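The values are calculated or read from the model by the stated rules, or taken from the named source; none is laboratory data. This is a predicted model, so every value here is computed, not measured. Because the Cβ atoms are built from the backbone with ideal geometry, glycine has one as well, and the counts that use them run over all protein chains shown.
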Amino acid sequence: MAVEAIRIMVLAVFNHDEIYDEFYKLNMEYLDALKAARPHVYENIRFYYVVADPGYDSSACGAQVDESSRMITVNGTESWCPGILDKTIKVLRYVNDLRERNDNTGFKYDYVLRTNASTFINFELLYNEMLELHAWNSVPYRNYKYVAMGHISVLQCGNDRYGLTEQAMQLYMGEKFFQGVCIIMNAALVSELVRHAQTRINLNVVDDVEIGRFIWSLPSTPDELYTKDISDRMLSYYQYNPSNPYIFCNNRFKANRYSDLDCFRSVAEMHTNKLINSLNTL
C-alpha cells in the first residue's frame, strides 16, 4: 500500500545566545535551500523553534507564531528543568489544539518531531523513511495506535547527568526513554500526552526521561504501542559514524560548545550546498 504524503511537525527547543543563534542561522539557510530544491518534501514539513517568554500573555491563543522566523513563543521561563519540559508540553498543546479544529487553521500533521537547536536533521532522508514506516503501519498491514521513535536509552544507576534527585533516580531506575535530541511521536500519542499532561506528567523530571516514562506507561495493551530505536541513523559529532545517518547531534558530555558549532556548521553547509548544487544542475 503506497502512501503519497505524510505531514511532520518539527519543534526545536531554543533559547537565544551567541552559539544557539549561529545554529539557528545555519539551519535557516538549510531549510530555505530545502524549500527551493525539494518542495515536495518541504511542503509537508513545518519547522518551528520554540522559546519561552515570561512576559508573553498566553491566555488568548496559547502561543505566538512568527512564520518568517519559524519561531513559536510560549509563556514560561527558560531553564533546563523544568523549563524545557514545560515549554514542550505547552507547544504540543498548542499545535494539537490547532490540528483538532474543524477548520483550515491548523497543520494536520501525522507526526511530531521534538528536537533541539543544536541537532541537524536531513529532512529529505527522514521524510522518506517516515513514509515507509507510515505505509507499513497502515491498514491492512499494521495498525498500531501509538508510534514513537528515537534513540532508546534506559535510566541507569549512578548516572547523575539526567538532573534527577537521588529519590527520583530510584523511582525512575530502569525506565526507558528517547534521548531528547529526537523524539518522534504520531498524532494520537501527542494528543494523549497533552490530554494527560496536568495529571500524569511531572515537570520536576528532566524532559526526555519524563516523556519516555509516559510513552511506555500509556498503552493499555502491548499491541497499541510501536516503538523504534533509530540510534543507528544518528551520528554523534564525536563518537559514532553510521553509514547513512539523517540525524546529527552533539555529544552532551562535550563542554566546548564552539566545537559543537563547528561540527554543526560542517554538516549543515554540506547538506545546504548539496541542495543548492542540485538546483544549479537543473
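Annotations for the structure displayed:
- Odd one out for K274, checked against (1) in contact with a Ser or Thr (Cβ under 6 Å, 6 or more places away or on another chain); (2) assigned to a helix (DSSP H, G or I): (1)
- The residues of segment 1-21 that are assigned to a helix (DSSP H, G or I) and buried (at least 17 other Cβ atoms within 10 Å of the Cβ) amount to a single one, Y20.
- Residue-level check: of (1) under 27 Å from Y258 (Cα atoms); (2) more than 18 Å from the chain's Cα centre (by Cα); (3) surrounded by 15 or more Cβ atoms within 10 Å (Cβ to Cβ), Q64 misses just (1).
- Within segment 25-43, considering residues that are of a type outside the set (A, V, I, L, M, F, W, C) and surrounded by fewer than 19 Cβ atoms within 10 Å (Cβ to Cβ), the one nearest to I8 (Cα to Cα): E43
- One residue from G76, G83 being modelled with pLDDT under 95, farther than 30 Å from R233 by Cα and of a type in the set (G, A, S): G76
- Residue selected from segment 180-211 under the condition without any contact (Cβ under 8 Å) to a residue 60 or more places away in the chain and buried (at least 18 other Cβ atoms within 10 Å of the Cβ), by the criterion nearest to the chain's Cα centre (by Cα): D208
- Qualifying residue in segment 152-162 (condition: under 13 Å from the mean Cα position of the chain (by Cα) and either crowded, with 22+ Cβ neighbours inside 10 Å or without any contact (Cβ under 8 Å) to a residue 40 or more places away in the chain (or both)): no
- Single residue of segment 80-114 satisfying the filter (assigned to a loop (DSSP other than H, G, I, E, B) and under 18 Å from the mean Cα position of the chain (by Cα)) that is surrounded by the fewest Cβ atoms within 10 Å (Cβ to Cβ): W80
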